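> My structure is below; once you've seen it, I'll send some questions.
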Amino acid sequence: MYIIYWLVNENKDKTYIGFTKDIAQRINYHVDKKVKTTEDFGKFKCFILERVEDLISARKREKYWKSCAGRKKLKMLFDKIIV
């Protein structure tokens, strides 16, 4: 099982979308600044977008969420709940 997740930094000006099999370990990598893309994020919130069964599906869904259509949907879904 793979988890597609979305990170939003505390200033809401930076986001990151990724997927993993072990969400706790992956979040620790982000916190410990072991992921180059998010090393200057500061504090962030993590949202689980969805769970999928296999690697091919995970890559496909990650690509969707990173697309313009996916980003628009994220904004629509999360704009009101991110405080």
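> Pairs only if they're at least six apart or on different chains, beta carbon under 7 angstrom, first in segment 35-54 and more than 12 Å from Lys14 (Cα to Cα), second in a loop (DSSP other than H, G, I, E, B); list them, first residue then second.
Listed by first residue and then by second, the contacts come to Arg51/Met1; Glu53/Met1.
> Could you check segment 10-28 and list, in sequence order, the residues that are surrounded by 15 or more Cβ atoms within 10 Å (Cβ to Cβ) and not small (Gly, Ala, Ser)?
Those that are surrounded by 15 or more Cβ atoms within 10 Å (Cβ to Cβ) and not small (Gly, Ala, Ser): Lys14, Thr15, Tyr16, Ile17, Phe19, Thr20, Ile23, Arg26, Ile27.
> Looking for whichever is of a type in the set (A, V, I, L, M) and under 10 Å from the mean Cα position of the chain (by Cα) here; the options are Ile4, Ile56. Which one fits?
Exactly one of Ile4, Ile56 is of a type in the set (A, V, I, L, M) and under 10 Å from the mean Cα position of the chain (by Cα), namely Ile4.
Since every read-out is calculated from the coordinates, none of them should be taken as a lab result. It should be emphasised that the depicted structure is a prediction, and the values quoted were computed from it without experimental measurement. Using ideal geometry, Cβ is built from the backbone for each residue, glycine included, and neighbour counts are taken over all protein chains shown.
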